[in-house]
Amino acid sequence: MTSKNLFFRLMREDLKRRMWAGALLSLGFFFFYPVVAAFKAGSIRDYADYAKGLANYENGLVQWLSFNCGMTVFLMMVAALICGLSSFSYLNSKSKVDFYHGIPVRREKLFAVNFFDGILLLAVPYGICQVMAVLVGIANGANGSKLWPIALAAFGLHITYFILMYVTVVVAAMMTGHLVIGFLGSMVFAFYMPAAVLLMTAYFSCFFRTYVSNLPGLLSENILKHGMRFSPVAEYIYQLMRNGEQYQRPVPMAVPVLIAWGVSLLLAAFACFLYRKRPSEAAGRAMAFPVSRPVIRILLTILSALGLGLFLYTVRSSMGWAVFGIVFGGGICHCVVEIIYHLDFRKLFSHKLQLVGCLAVSMGIMLAFKYDLFGYDRYLPKAGQVREASIRMSGVTNWVSYGQTERHPDGHYRWKYVSDSEYVLQNMKCHDVENLLDIASAGVEQVAESKRKEANGDEREYYGYQPTEEGFWSRVEICYTLNSGRKVSRSYSMAVNGKVRSAFEKLYVNEEFQRGVFPLLNMTAEQVDTIRFRGKYSRDNENEICLEGMSAGEKAQMLETYQKEFAAMTVARMEKEAPVGLIRFSKAIDEEAMRWWKQQEANNFRDYQEYRYRSWRDFANEDFYPVYPSFTETIRLLQKQGIKVGGYLDDLNVQVIQVRAPLSEETLYEKRQEIKEDYYAIEESEQIAELRKILVFDGLCYYDPFFQSENMAVSLMIWDSELKENRDYDYMDYEGEKWNDCIEVRLPKGEVPEFLWEVLR
């Protein structure tokens, strides 16, 4: 009993010593929670509808009290520094150390007293002020049953990560003998690992052409970000971002919280161990334990050398400047650390051999990356080592919609976008490994060639230069799943021609590839709610046709027929055929979302002002797929529903056709300057009629990246009697003929009439 009373008496005396910290934190949290809650209540009167104003106030208060409030995170970081450094500030004074250690109390108990007081200094005012904020909210009409769970959950999570940061600061205080050095040590523990991980990622991105951080692998972004989490601050922010809108969609936090508590207990035990071993003479010294000096000095010196070396290299692309950056950055950091350690400028080069060793290691790392000594860009697995793979080729599926419609708890809908890379990685399991390796081997060869050109000073690729030979450039991302289950990824910027073109054409008709890049091919008949079709020219797709009244059997037949014909499409056919329409098989939730947004627009967003910047078109333009002339069965089924497919440009009242003279890519590269574009007008009716037979609508060609057209801009200048407003280029009069709208079209490659070539010459 006497021991317990002594413990609490010591805690009380220590709290009196640090009353300033408690007062400062209490004042900060008072203004941050109850005052803000009362201030926000004034916004209720800004709404004519009291219920709407109250709901908006309640939602704002929920966000402010939740774990996702970024300002609370900042306060917790500052509080961890204040409480951690003040808890053991007496260790920095020899006289105070002698006094405290002269008390007939075991060091473990003395450590516990100061340690737990540091937590109470934050937890008590934070908890009280958050309770006060909830009560203020309830007094102003907010729903307490909604506020209390959010506030209690946020309290537990914020306290968890406060303790994790706090105990890290305590460890820094144990290892140092000066308040300022303790602060600097806390900063090192908080930010060294994030800085090291970011620097490693920068080295891979700068020197390795085939590295992409968002692809799976040992050095992927997902793996590296877990390395950053060795920092308590980074872990705190990571969990905050991982939660997203935690107050609306909570995510499981049991495992991260248990890990945080486990790490905190280990660090607390380590800090107590250091406290026991810490010599009383360490007060006033920079570092309490000499053994830690070289470790921290070496780590900081290498990081600084590599950081400045990479910065100067990226600025000038010169290894000479990289070497200077390594020597200068590493040398300065080493000298500064030595001055801090000894508090003496004469100790700048106390450990010359360590400095030379750090610079040598940094130089070796730089050279290994610069000249790819470990063959990262040359990596190519054997076919027998690969279980399956996925491949994404930029430019091939730019038109495909990835994502889905989702409904939020507050009733609004949004399209949740998914990147094409993410979708392909999750859905493609291609077993035609040898064909993929043919593409990858060509990518390795082109990477080697680009490095050779760069070494010779030929930088055309980096100014957008494109080869004139047949083919196109693409960013190819390949992820191999090896037999062991390990994933390895590479990315190549390469010309798709020759051998690569043959391999790609074979790949395009592979069922596993198609199902991995085209979500529609994985759709089932039960998911189809409505079928929509677009084809006729209109400015905002007002003429979209919704096929209503179709039976479930007819929808299933339409879907199955289209999937079969779309899957049979080849690259060679897409080069010659331009789409004649677009079709969409929408789900029930898609239709609900479009109806909801149209209703909000009709009401002028009266009930959802915060979503005014969105539109039902965010959903209406998703998930369309092209219909080609060769899709005879699909066209037959559409015609059976009364839809006209194709020939929409024939009904336009074309007055003039404007053509811009073609410019070769070589010309654009050589001049790289503003070139005056000459437009030619085709006015004769016979020539207009001849061109209209072969022109295709540019808007539909977006859905066919392979369609071959001439390198010239062609526009139909038309008169649209239904168009009430003129376009941006104003109402025009060309020798008596008038037009008020313009349609961009394309000329198929190899089908340009002779008279047009004569005009352009």
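The values are calculated or read from the model by the stated rules, or taken from the named source; none is laboratory data. Just so it is clear, the model here is predicted, and its values are computed rather than measured. Here the Cβ is made from the backbone with ideal geometry for all residues, glycine too, and neighbour counts use every protein chain on show. These accessible areas exclude ligands, DNA and RNA; they are computed on the full protein's heavy atoms, side chains included. Shrake-Rupley method; radii C 1.70, N 1.55, O 1.52, S 1.80 Å.
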Give the residues of the range 428-472 that are modelled with pLDDT under 70 and crowded, with 19+ Cβ neighbours inside 10 Å, sorted by residue number. none
Number of positions in the range 405-427 that are modelled with pLDDT under 90 and open to solvent by less than 50 Å² (accessible area, probe 1.4 Å): 10
ALA440 passes all but one of the listed conditions (1) out of contact with any strand residue (DSSP E or B) (no Cβ under 6 Å at 6 or more places or on another chain); (2) among the hydrophobic types (A, V, I, L, M, F, W, C); (3) assigned to a helix (DSSP H, G or I); the exception is number (1)
Just checking, does the range 337-354 include any residue being out of contact with any strand residue (DSSP E or B) (no Cβ under 9 Å at 6 or more places or on another chain), in a helix (DSSP H, G or I) and more than 30 Å from ASN92 (Cβ to Cβ)? yes
Which listed residue, of MET550, MET494, MET569, is in contact with a Gly (Cβ under 6 Å, 6 or more places away or on another chain), open to solvent by less than 30 Å² (accessible area, probe 1.4 Å) and not in a helix (DSSP H, G or I): MET494
Quick check on the range 705-720. Is at least one of its residues modelled with pLDDT under 80, under 37 Å from the mean Cα position of the chain (by Cα) and open to solvent by 20 Å² or more (accessible area, probe 1.4 Å)? no
Which one of the conditions (1) among the small types (Gly, Ala, Ser); (2) open to solvent by less than 50 Å² (accessible area, probe 1.4 Å); (3) in a helix (DSSP H, G or I); (4) modelled with pLDDT of 90 or more does ALA360 fail to meet, given that it meets all the rest? (2)
Can you tell me which residue is most open to solvent (accessible area, probe 1.4 Å) among those in the range 363-399 that are among the polar types (S, T, N, Q) and in a loop (DSSP other than H, G, I, E, B)? ASN398
Matching residues, the range 336-357, being open to solvent by less than 60 Å² (accessible area, probe 1.4 Å) and farther than 30 Å from PHE204 by Cβ: GLU338, ILE339, ILE340, TYR341, ASP344, LEU348, SER350
Tell me the helices (runs of 4 or more DSSP H) entirely within the range 580-675 that contain at least 2 residues that are at pLDDT 80 or above, within 26 Å of GLY699 (Cβ to Cβ) and not polar (S, T, N, Q). 588-602, 632-640
When you scan the range 7-44, how many residues do you find that are touching a residue at least 40 places away in the same chain (Cβ under 8 Å), open to solvent by less than 40 Å² (accessible area, probe 1.4 Å) and within 40 Å of the chain's Cα centre (by Cα)? 12
For TYR402, the lone unmet condition from (1) out of contact with any Lys or Arg (no Cβ under 9 Å at 6 or more places or on another chain); (2) closer than 30 Å to LYS429 by Cα; (3) open to solvent by 40 Å² or more (accessible area, probe 1.4 Å) is (3)
Within the range 541-566, considering residues that are under 30 Å from CYS742 (Cβ atoms) and touching a Lys or Arg at 6+ places or on another chain (Cβ under 8 Å), the one modelled with the highest pLDDT: CYS546
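Per-residue answers, yes or no, for (1) crowded, with 17+ Cβ neighbours inside 10 Å; (2) in contact (Cβ under 8 Å) with a residue 24 or more places away in the chain:
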position: PHE230; (1), (2): no, yes
position: ILE237; (1), (2): yes, yes
position: ALA283; (1), (2): yes, yes
position: SER317; (1), (2): no, no
Restricting to the range 1-41, count the residues that are out of contact with any helix residue (DSSP H, G or I) (no Cβ under 6 Å at 6 or more places or on another chain) and at pLDDT below 80. 9
